[in-house]
Structure formats: structure tokens, C-alpha cells
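Student: Sending over a structure as C-alpha cells; questions will come in a sec.
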Amino acid sequence: MNVFGRASHRWRKNRKRGVSPIIATILLVAITVVLAAVLYVLISGLTKTGASTPYDLGMAIQTPGGVIGPVNSPSTYYITLTLAPTAGLTTGIMGLNVLNSASVAQTVTAASGGCTNGITTFMTNCLGVASTGWYAVLIYTTGGTSTVAGTYSTVSGTAGWTNLGGATTVAVSSSYTIMIVSEVAYDNNGYTLSAFGTGSSTVSGSQYL
């Protein structure tokens, strides 16, 4: 009797045994879960819309401390600022604040009734506020002609962008300027104009007036 041959045959047979069905199932499930997680991360990264992209309005003073005299009573003040915004910034994701030296936001008021989208006579039609406070006029300049693209003011007590020619949002570029209209002289009196995001995107930018 070949005892050694039988032992060798039993060793080879044991060596060919695989993992149990239970362990195999667990391994397959684990591999599937890991692959699904990797695919989810890859797909979510590719389809990300950039909603959380940080933007900057990039403001600089163009015309400081302008004032309209007897046309309005009391006098109406205005300050215009040039813009150098981050590409992709729109009025749909951006709001504005005027803060005093104590960082208290000043009241946003309704725009002048004559300040409507598309007018080129904004220096007379957009100056004048209903009550003490401020509003902003977004002005688009091309070919030497400047027209109103919209206003940041209150409508039914809510501040936001209006008069945008029927569009829900406007892409802001360096072709635009912003004019701040107020019944209080903001220039060199400790006031700052700042931008903020109105949605999930971050919008920054501030300018001492």
C-alpha cells in the first residue's frame, strides 16, 4: 500500500478547493459597491455645473461724488464704477449692498420711474429716489453708446434686479458700469459697495465709495 502516494493525492485535492460560496458572494457584493462608488464620484465630477464657483465683481471708481442740483429736491447723488468681473458672472446670482462704516446695510429703494431698460438718457431719467436710500443702475456701453441694462432696486419691498429687457439674467462683463444713485452723499463718507451671492455661488467684491 502506497501511503505516501495517497497522502500526496489528498494534498493536491485539498489544494484545489476554492473559497466557500458565502465568502465569494460577500466579495462580489463588496467589489460591486466599491465600483459603484468610484463611478458615482467620476460621473458627479464630470457633470458638476460650477454652481459653487467663486466669482468676483471687480469694481473701481470711475466718477466719484457726482451730484444733480435743482433737477431733484433734495439733490440726488451718484457714483459710477467700472467693472472687471469674473467670466460667467450674471445678475441672476448676484446682489449688492451699500454698507456704512459700522457695516450696516443701507436701505435699497425703488428706482426712479423714468429709469427703464434700454434708455440712453439715464443721467436725467435714472436720477432720483422715492425715499432716503439708494439703488443701482447697470449700464451697458458699446460703440460709444451707453444704455440701461437693468436696475438693482426694490419691487414690492424686495430688492433685486429688474428692467432687464425681459431676460431673467444678464451676463456681466467689462462693458458694463454700475451707477449708485442716492439721496445721501456716499463718497468719502465711510460707505462701501459690496457684492454678494444670491444662490449657491459665492460672489465677492467691494469698493470704498
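Student: Being modelled with pLDDT of 90 or more and outside any strand (DSSP E or B) is the filter here, so list the residues in the stretch 151-191 that pass it.
Tutor: Hits for the stretch 151-191 are Val172, Ser173, Ser174, Ser175, Tyr186, Asp187, Asn188, Asn189, Gly190, Tyr191.
Student: In the stretch 89-109, how many are touching a residue at least 40 places away in the same chain (Cβ under 8 Å) and part of a strand (DSSP E or B)?
Tutor: Residues in the stretch 89-109 being touching a residue at least 40 places away in the same chain (Cβ under 8 Å) and part of a strand (DSSP E or B): 8 in total.
Student: Kindly establish whether Val148 is assigned to a strand (DSSP E or B), assigned by TED's automatic domain parsing to the domain that holds Tyr78, in contact with a Gly (Cβ under 9 Å, 6 or more places away or on another chain) and under 17 Å from Val67 (Cβ atoms).
Tutor: no
Student: Could you please find all residues in the stretch 25-76 being in contact with a strand residue (DSSP E or B) (Cβ under 8 Å, 6 or more places away or on another chain) and either over 30 Å from Gly199 (Cα atoms) or modelled with pLDDT under 75 (or both)?
Tutor: Within the stretch 25-76, Ser52, Thr63, Pro64, Gly65, Gly66, Val67, Ile68, Ser75, Thr76 meet the criteria.
Student: Still on this structure, please answer the following. Please work out which one of (1) aliphatic (A, V, I, L, M); (2) farther than 21 Å from Gln207 by Cβ; (3) touching a helix residue (DSSP H, G or I) at 6+ places or on another chain (Cβ under 6 Å) is the condition Val155 fails and give its number.
Tutor: Of everything listed in (1) aliphatic (A, V, I, L, M); (2) farther than 21 Å from Gln207 by Cβ; (3) touching a helix residue (DSSP H, G or I) at 6+ places or on another chain (Cβ under 6 Å), Val155 misses just condition (3).
The values are calculated or read from the model by the stated rules, or taken from the named source; none is laboratory data. This is a predicted model, so every value here is computed, not measured. Positions of Cβ are generated from backbone atoms using ideal geometry, with glycine treated the same way; all protein chains shown enter the neighbour counts.
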